[in-house]
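The values are calculated or read from the model by the stated rules, or taken from the named source; none is laboratory data. Since the structure is predicted, the reported quantities are computational estimates derived from the model, not experimental observations. No Cβ is skipped: glycine too gets one built from the backbone with ideal geometry, and neighbour counts run over all protein chains shown. Please note that ligands, DNA and RNA were not included when accessible areas were found on the heavy atoms of the full protein model with its side chains. Shrake-Rupley method; radii C 1.70, N 1.55, O 1.52, S 1.80 Å.
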Amino acid sequence: MKIAETVLVINSGSSSLKYQLIEPHNGASLAAGLVEQIGEPMSHIRHMSGGLEVNRELAVEDHTQALRQVLQLFEEVGPKLEEANIVAVGHRVVQGGRHFSSAAIVDDRVRDLIEELSPLAPLHNPPNLKGIDVARELLPDVPHVVVFDTAFFQTLPEEAATYALDAEIAEKYSVRRYGAHGTSHKYVSDKVEEILGTTDIRQVVLHLGNGASASAVTGGVAVDTSMGLTPLEGLVMGTRTGDIDPAAVFHLQRVAGMSVDDVDTLFNKKSGLKGLTGDNDMRAVRARAGSGDKRARLAIDVLLHRLVRYVGAYATQMGGLDVLVFTAGIGENDVQLRRELCERLSIFDIELNETANAMRSKEPRTISTPRSKVRVMVVPTNEELAIAQQAVELIK
């Protein structure tokens, strides 16, 4: 029996390597795993395949050794890669700048451009590139394809992508809105069009997880997004501020004596829900709010206030709103957040189906009533599958 084509998807972080072997034509995941704490005295490896989970603790010095361990696990536990009919290796890269509006096959030029763009995503592009270099070395016989988080937002109108900054400075240092989470926003908005059988719709997609972003999509094209030059701008997130007066940076430097790196760490790692409550896990914040913790309740209200601002603005820009979509960890699972946000969006005459909203499911679903003026949906995201599908489309 001929084995279906598969794609090995790799997401390389600074100290982690996440992977999944996927059949792109049907979305089946044949294996998945994660190598964590690379470069530390002890690392953890988890490999899952066919209902079997294998966990190992050992020292993994670098990403090369991490991928060697992964390949060994495929050989020992399965499925064996030489029998898996791998047609491509797909890689997630955060920042593609203006160079990439779609996926690209990795060659030396593409590899060098990713490195050139690293100053725009210093926390992401270098480890993404490290995973690409290692995988090209260890898996040289199949094409390697990069899929960029920013690519979906290359369609933004100039008025949405341009900051009101000195034009020469902005051009020289590539300062503009690039967005992020684009692979998820594209996958989810495409899925909504597929379910509804039309592209003639105006969507606001809310990707709500530890990182959070919103997008406005009309006719299948992204016209605005909340993240900007970096993933810091926009919504309230687990540890990131989202929107904040840029003069807060100058104020903290002058009054608190904080350095650029101090402020960077504060805004990216010690703010958002964590800064407001001490917890960056929405489940913990929700539980504390339910127990009467006023700081936790305020944090949720700040998050909701920001969401209302973006949904309202995007609906106005698109000339209306047909579908409001929730995705990612919080968006897919926080029943109360969806209810509270829809209540605050009463101007749109949204009516939730409470039974549907409370239902737990991994399938896309509508949670509004037929009478609702805006259809509200929950569509689970699958960035790995999206990367695999784009990789196959490109090499074909």
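At a glance:
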quantity: Candidates Leu120, Leu17, Leu298: whichever shows maximal mean-square fluctuation once the chain is modelled as a Gaussian network with Cα springs under 10 Å; calculated: Leu298
quantity: Segment Lys269-Glu36, extension gain: residue separation times 0.36 nm, minus the distance between their alpha carbons; calculated: 82.0 nm
quantity: Most mobile listed residue (Ala299, Ala287, Ala32) in the chain, GNM with C-alpha springs under 10 Å; calculated: Ala287
quantity: D (Stokes-Einstein, µm²/s), Kirkwood Cα radius, the stretch 198-340, 1.567 mPa s at 4 °C; calculated: 81 µm²/s
quantity: Modelled FRET efficiency - R0 51 Å, Glu393 with Ala170, Cβ distances, 0.05 increments; calculated: 0.95
quantity: Long-range HN-HN contacts of Met258 with modeled amide H, under 5 Å; calculated: Gln253
quantity: Most mobile of Arg46, Arg297, Arg109 in a GNM of the chain (Cα contacts under 10 Å); calculated: Arg109
quantity: Solvent accessible area, Å² - Ser101, 1.4 Å probe, full protein context; calculated: 80 Å²
quantity: Accessible surface, 1.4 Å probe, highest first, among residues Arg283, Arg56, Arg375; calculated: Arg283, Arg375, Arg56
quantity: Where chymotrypsin sites (Phe, Trp or Tyr not before Pro) in DSSP loops with at most 14 other Cβ within 10 Å are excluded, longest remaining stretch of the chain; calculated: 174-396
quantity: Per residue accessible area of the stretch 1-110, 1.4 Å probe, in Å²; calculated: 47 Å²
quantity: Whole-percent carbon and sulfur share, accessible surface of the chain, 1.4 Å; calculated: 51 percent
quantity: D_trans [Stokes-Einstein, Kirkwood Rh over alpha-carbon pairs] for the stretch 129-216, 4 °C, 1.567 mPa s, µm² s⁻¹; calculated: 82 µm²/s
quantity: Reachable aspartates and glutamates from Lys270, criterion Cα separation under 18 angstrom, eight or more residues apart if same chain; calculated: Glu233, Asp243, Asp245, Asp261, Asp262, Asp279, Asp281
quantity: Ile387 - accessible surface, heavy atoms, 1.4 Å probe, Å² rounded to 10; calculated: 10 Å²
quantity: Estimated inter-spin distance, Leu52 and Ile195, nm [label 7 Å along Cα→Cβ]; calculated: 3.6 nm
quantity: For the stretch 52-180, diffusion coefficient by Stokes-Einstein and Kirkwood Rh (Cα), 10 °C, 1.306 mPa s, µm²/s; calculated: 95 µm²/s
quantity: From phi via Karplus (6.51, -1.76, 1.60), per-residue ³J(HN,Hα) for the stretch 25-35 in Hz, x at Gly/Pro; calculated: 5, 10, x, 5, 9, 8, 6, 7, x, 8, 10
quantity: Proximal lysines to Lys362, defined as alpha-carbon separation beneath 27 angstrom and excluding residues fewer than eight positions away on the same chain; calculated: Lys18, Lys186, Lys191, Lys373
quantity: For the chain: relative contact order, % (alpha-carbon pairs under 8 angstrom, 6 or more apart); calculated: 14 percent
quantity: Computed E for Gln317/Glu340 - FRET, C-beta separation, R0 22 angstrom, nearest 0.05; calculated: 0.40
quantity: Calculated [θ] (222 nm, deg cm²/dmol) that DSSP helices of n ≥ 4 give over the chain, each run adding -39,500 (n - 2.57); calculated: -11500 deg cm²/dmol
